[in-house]
Amino acid sequence: MPRRTATLLASTLTLIALLCVALLTPAPYAEMSPGPTVNTLGDYGGDTVISISGHKTYAATGNLNMTTVRVTGADYSMNLVEALFGWARHDDKVVEHDTLYPSGQTSEQADQENAEEFSQSQDSAKVAALEELGFSVPSRVIVAAVVKGGASEGVLHAGDVIKAVDGTAITNADQVATQVTKHKPGQKVTFTVIRAADAKKNSTKTEQVTITTRTSNDDGPTRAVVGIQAGIEHLFPFTIDIKLADVGGPSAGMMFALGIVDKLTPGNLTGGKFVAGTGTIEDDGKVGPIGGISLKTIGARDKGAKYFLTPADNCEEAAKDVPSGLTLVKVSTLDGALAAVKDISAGNDKALPSCTS
């Protein structure tokens, strides 16, 4: 075989071997890309995103779109070739795997965490929207979950309302752990509760139950536990149902709140304009930052959005690479977001607080 041919063959075989290695070698990275962009005022997957019953609602046109990011699963390992192509694409982002999934977290655990955060964001969106409109939304502390095999199993149940611990009235979830950890493991603690079934009937009948504390199983200091997770249950004046399949995490909270306000007030909040956005929301209406902001702005622009409501803490990052034709609007509270949308509706763009890099 001529030397030139042999050299070419050897080089080709080496290249093939390197490509095989690159395809088979797992890389410690995950990929993010723009996900679905859904109008909170409309339907998705055959369901109305926000349904309200028990109170008068109003037809709402225009768009108040929540945005998402699509990510590779926790159990999926990218190879080097996929990582290289991901880095080369402008609309995708390759990040270290542990940035999205803590070490050892499975896809099932990540999905569960995202579902819990999504549920909490819906609750906070309802509270923030209703209180913005002047409704009263009382709350109570409940047993959110009982640890299987824990000290409270069979004694306390999910949905039980916690009125007091050792005679001390409970008004927020953190107080439960505070009262329990005043004991040493093995000591008894007394809960005053309204059973879940009675609470659903608005009964105020209470009973006292005594639980023997146990030692915590975590790596921190030794402390007493009773094996429950306390949570907050809000008592809404009417029913607000949010349905959005295959979406998780807390970042749609602000847009859900805006959608609820729009449906409960006369007229069209957006004036028919296409507004998208993102941001977590707290019960008091404070808007918080999210991840993947640059990908969400791309997804919103590609869907047709002209304005993007951006959490104040994400503004600097988002302003570094603004998709053509999209105006970033800085928001830090639900009240501020509502004011911005009203300015957008009125065509008063000069009044909009902008994001700068």
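Going down the table (Lys306/Lys342; Lys200/Lys286; Lys56/Lys126; Lys126/Lys205), which pairs top 20 Å between alpha carbons?
Lys200/Lys286; Lys126/Lys205
Just to make sure I understand: if all protein chains stay in place, what is the order of Thr68, Thr171 by accessible area at 1.4 Å, largest first?
These residues rank, largest area first, as Thr171, Thr68.
Using only alpha-carbon positions, what ratio does the radius of gyration of the stretch 199-357 give when scaled by 2.2 N^0.38 Å?
Cα Rg divided by the expected 2.2 N^0.38 Å: 1.39.
In terms of the Cα gyration tensor, with a ≥ b ≥ c the square roots of its eigenvalues, is the stretch 224-299 rounded because a/c is under 1.5, prolate because a/b exceeds b/c, or oblate?
oblate
Taking R0 as 22 Å, what's the FRET efficiency between His55 and His234 from their Cβ-Cβ distance, rounded to 0.05?
0.90
Would the stretch 191-271 count as rounded, prolate or oblate if I go by the C-alpha gyration tensor, calling it rounded below 1.5 in a/c and otherwise prolate when a/b exceeds b/c, oblate otherwise?
Oblate, since a/c reaches 1.5 and b/c is not below a/b.
Please give the length that would be gained between Arg223 and Asn348 if that part of the chain were fully extended, namely 0.36 nm times their separation in residues minus their C-alpha to C-alpha distance (nm, one decimal).
So the chain would gain 39.3 nm between Arg223 and Asn348.
What number comes out for the charge environment of Asp198, summing +1 per Lys or Arg and -1 per Asp or Glu over other residues with Cβ under 13 Å away?
Net local charge, Asp198 excluded: +4.
Once you have the Cα-Cα distance between Asp283 and Val209, take 0.36 nm times their residue separation minus that, and quote the gain in nm to one decimal.
Gain on stretching Asp283 to Val209: 23.5 nm.
Hey, how many Å between the Cα centroid of the stretch 38-56 and the Cα centroid of the stretch 156-220?
37 Å
Of Tyr58, Tyr307, which has the most accessible area and how do the rest follow, probe 1.4 Å?
Tyr58, Tyr307
Could you compute the net charge surrounding Val189? Neighbours are other residues with a C-beta less than 12 Å from the C-beta of Val189; K and R count +1, D and E count -1.
Summing Lys and Arg as +1 and Asp and Glu as -1 gives +3.
Ordering Ser152, Ser357 by how much accessible area each has at a 1.4 Å probe, largest first, what is the list?
Ser357, Ser152
For Thr333, enumerate residues with amide H under 5 Å from its amide H, sequence gap 5+ or separate chain, H modeled in the peptide plane.
Amide H neighbours of Thr333, under 5 Å, 5+ apart: Val287.
When a/c reaches 1.5 or more, the comparison of a/b and b/c decides; with that in mind, is the stretch 302-357 rounded, prolate or oblate per its Cα gyration tensor?
oblate
If you take the beta carbon distance between Asp246 and Thr356 as r and set R0 to 41 Å, what does 1/(1 + (r/R0)^6) give as a FRET efficiency, to the nearest 0.05?
Computed FRET efficiency for Asp246 and Thr356: 0.75.
Among the GluC sites (Glu not before Pro) in the stretch 277-351, which ones are in a DSSP loop with at most 13 other Cβ atoms within 10 Å of the Cβ? Mind listing them?
Answer in residue order: no site qualifies.
The values are calculated or read from the model by the stated rules, or taken from the named source; none is laboratory data. Since the model is a prediction, treat every value here as computed from it, not as a measurement. Don't worry about glycine lacking a Cβ; one is built from the backbone with ideal geometry, like all the others, and counts go over all protein chains shown. Just so you know, the surface numbers come from the protein's heavy atoms only, side chains and all, with ligands and any DNA or RNA stripped out. Shrake-Rupley method; radii C 1.70, N 1.55, O 1.52, S 1.80 Å.
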